[in-house]
1. In nm, give the distance between the simple-model label positions of residue 34 and residue 56, each being 7 Å from the Cα along the Cα-to-Cβ direction.
2. Antiparallel as a % of all DSSP beta bridges within the chain, to the nearest 5?
3. Quick check: the angle from helix 34-44's long axis to the longest principal axis of the chain, C-alpha only, nearest 10 degrees?
4. Dipole size in debye (nearest 20) for the range 25-87 around its Cα centre, Lys and Arg Cβ +1, Asp and Glu Cβ -1?
5. Under the definition of Cα pairs under 8 Å and six or more residues apart, what whole-number percent is the relative contact order of the chain?
6. Pick from 31, 11, 44 the residue whose mean-square fluctuation is largest in a GNM of the chain, springs joining Cα atoms under 10 Å.
7. Out of residues 5 or more away from residue 60 or on other chains, whose amide H comes under 5 Å of its own, with H placed 1.01 Å from N in the peptide plane?
8. Among residues other than residue 41 whose Cβ falls under 12 Å from its Cβ, what is the net charge (Lys/Arg +1, Asp/Glu -1)?
Amino acid sequence: MPEESIENTPTVDIVINYEGRKMFFRTERTTPLVNIMTQANRRTGLPRDTMRFVFDGVRLFGSETPDKLEMDEGENYIDCLVQQTGG
């Protein structure tokens with residue numbers, strides 16, 4: 001059975017929106033989103049435990065995949081929020 005070429009692997013485009021800045025990613029539909037979350041943390045310089053990711057009103061924890069979330073073929077927006085503590 002021939003291996004599926006990288007060009008034919010189904011992918012999805014994800015845009016992470018953080019304080020008006022947009023970060024663009026492309027990933028395979030079966031790859032856990034923790035990889036993109038980690039990259040977003042590196043780009044913002046914020047600690048991972050302070051960031052919250054939300055897609056269609058649902059908080060993401062990283063184990064989800066685009067397939068499980070039924071993401072569309074076009075751009076999919078994930079909001080990135082910073083946890084605030086204190087009074």
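Each value in this text was obtained by applying a stated rule to the coordinates, not by laboratory testing. This is a predicted model, so every value here is computed, not measured. Every residue, glycine as well, gets a Cβ built from its backbone with ideal geometry; the counts of neighbours run over all protein chains shown.
1. A separation of 2.3 nm, rounded to one decimal place.
2. Details: 15 of 20 bridges.
The answer is about 75 percent antiparallel.
3. 50
4. Details: 8 positive and 10 negative charges, 85 e Å.
Charge dipole, the range 25-87, about its Cα centre: 400 debye, nearest 20.
5. Numbers: 121 pairs, mean separation 32.2, N = 87.
So the answer I get is 37 percent.
6. Maximum among the listed residues: 44.
7. Under 5 Å from the amide H of residue 60 lie the amide H atoms of 53, 54, 55, each far enough along the sequence or on another chain.
8. Working: positive: 42, 43, 48, 52; negative: 49.
Here the count lands on +3.
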